[in-house]
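Asks: Dropping a structure here in C-alpha cells format, bear with me for questions.
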Amino acid sequence: MAGTDEDAVAAADDALYVLTAVLLTPAKFPSALGDDYPEACAALGLPPLADGYGLVLGQDGEGARWTVVIDDVSLVAVAIASWDCGMEYDLSPGERTVVAALPGWPLAVAVAAPGVPAPHDPAAEITDGPALSPPDTTTWGPAQRRLGADEIALQWALWREQIDDADFARPPEGNAADSDSDADEGARGDGSGAPDRAAAADEADRHRGGAGTAKGHSGIRRVLAEVRAYVDAPPPLGRVRSSFAPGDARTLRADGPGWSLVARTDDIAFVLLDEEPGEVLPVGRGPELPGLLEALDKMAVRPL
C-alpha cells in the first residue's frame, strides 16, 4: 500500500479528478470489503479508527486510479448526500485531512474522468506496493453474498412481496420444542416460479432471487445460533448494523463467517450463505425472531 508515502500523496493531489466517494465507518462501510468494520479497514491497510474515514476515488492527470483516504467523514457524508439528491457538490479535501493516498480503487467504478487517459494503475515507481483492486464478484463467494444482502436491504419491498406468510411451516399445536427450528425458519423450496439468483447491489441485470419455505434448514439454524451469540458476546464492530426503515421499524444487517442476514424489526428476515450459491432463504417471524431482532437492534451500530 502507498500509505502516506510523499510521492504517492503528491501524485494523487496533482489534479485529482474526483469520481465518487464512500464512507468507511463502523455503521456504514463497503460490505464487499469485509464482514465488519475492522476487516474492511484491514483490506485497505488502515487502522480501524473509531470515527472512521472518507474514501475519495478519482484519477490523476495521467488517468491513474487513486483512493485518497481522509479523516473528515462529515465532508464526504455531505458530498454523498448532495449527489444522491441530484445536486452538485465540489468535494475538495484539505491537505490536513488526508490520511493516505492509495494506488488503485478498492471498489468498481463505472465512470471515468473526461479528457484524461483511461483508468489504469499508477506507475510502480511512485507506489509502495500493489494497487488496490475490487473484490471478485464474478463468482459466488463472500463479496457477492454481502452485495446480495445489500440489494435486499435496499429493495426490501421487492423481495418481501415474493414471500407469502402462509407458506411458512408451523409446528403442531403444543410442540414447543420445534418452535425454534421450524416456525422461525424458511428454507429453499422447489422455487416454483421464482428466480434463483441473488442480486448484487452493483449488478442490476442479475436475476432476483427467491425461495419457497419448508421445515428446518441446518444453515439457517447455524446462522440464528451465531446471531444469538452476538447478543451475549458482542462481535467485531460493524458486524451488526441498524439503519432507517419506514414507520417505526429498523433495517438490521448482520454478517458472520460465511453468512449474511437482513431483517426488518417488524417483519421477517432473509439469510444468504456461502455454501448456498445464489439462494435467498427467508426466515419466518415465528415466536423467536421478534425478540432476537429487538435485542440485535439494541446492540447494533447506527449511523450518526
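Values quoted throughout were computed directly from the atomic coordinates according to the rules given, and no laboratory measurement underlies them. Note that the structure is predicted; figures quoted are calculated from it, not measured. We place every Cβ from the backbone using ideal geometry, glycine too, and count neighbours over all the protein chains shown.
Asks: If R0 is 45 Å, what FRET efficiency do you get for residue 110 and residue 232 from their C-beta distance, rounded to 0.05?
Replies: Numbers: r = 42 Å, r/R0 = 0.94.
It comes out at approximately 0.60.
Asks: Pop a pseudo-label 7 angstrom from the Cα along the beta-carbon direction at both residue 294 and residue 88 and give the gap in nm to one decimal.
Replies: About 5.1 nm, to one decimal.
Asks: Where both partners of a DSSP beta bridge lie in segment 6-126, what percent of those bridges are antiparallel, to the nearest 5?
Replies: 95
Asks: Using modelled amide H (1.01 Å from N, peptide plane; none on Pro or chain starts), what sits under 5 Å from the amide H of residue 100, excluding residues fewer than 5 places away?
Replies: Excluding prolines and chain starts, which carry no amide H, the hits are 69.
Asks: Under the rule a/c < 1.5 gives rounded, and otherwise a/b versus b/c splits prolate from oblate, where does segment 1-155 land using the Cα gyration tensor?
Replies: Rounded, since a/c falls under 1.5.
Asks: If I stretch the segment between residue 158 and residue 248 completely, what's the gain in nm (0.36 nm per residue apart, minus their alpha carbon distance), one decimal?
Replies: Gain in length upon complete extension: 30.4 nm.
Asks: Here's a follow-up. If each of residue 165 and residue 133 carries a label point 7 Å out from its Cα toward its Cβ, how far apart are those two points in nm?
Replies: 4.8
Asks: Let me ask something else. Can you list the residues of segment 51-69 with backbone N under 16 Å from a point 7 Å past the Cα of residue 120, pointing along Cα to Cβ?
Replies: Hits in segment 51-69 for residue 120 at 16 Å: 59-66.
Asks: Okay, next question. Amide H neighbours of residue 278 under 5 Å, counting only residues 5+ apart in sequence or on other chains, H built in-plane at 1.01 Å?
Replies: So residue 278 has HN proximity to 198.
Asks: In sequence order, what are the phi-derived ³J(HN,Hα) couplings for segment 30-46 according to the Karplus relation 6.51 cos²θ - 1.76 cosθ + 1.60 with θ = phi - 60°, rounded to whole Hz, with x for glycine and proline?
Replies: Going residue by residue, I get x, 5, 4, 8, x, 7, 8, 5, x, 5, 5, 5, 4, 4, 10, x, 10 Hz, with x marking Gly and Pro.
Asks: To make sure I understand, if each residue's beta carbon is the centre and we count other beta carbons within 10 Å, what order do 24, 289 fall in, fewest to most?
Replies: Least crowded to most crowded, the residues run 289, 24.
Asks: Let me ask another. Could you pull out every residue, at least 5 positions away or on a different chain, whose amide H is within less than 5 Å of the one on residue 17? Hs are placed 1.01 Å off N in the peptide plane, and Pro or chain starts have none.
Replies: For residue 17, whose amide H was placed from the backbone, the distant partners under 5 Å are 59, 60.
Asks: Right, something else. Filter the trypsin sites (Lys or Arg not before Pro) in segment 37-146 to those in DSSP coil with at most 13 other Cβ atoms within 10 Å of their Cβ, and list the result.
Replies: none
Asks: Using θ = phi - 60° and the Karplus relation 6.51 cos²θ - 1.76 cosθ + 1.60, list the HN-Hα couplings for segment 114-131 in order, rounded to whole Hz, with x at every Gly or Pro.
Replies: In residue order, the calculated couplings are x, x, 10, x, 4, x, 7, 6, x, 4, 4, 5, 10, 10, 10, x, x, 6 Hz.
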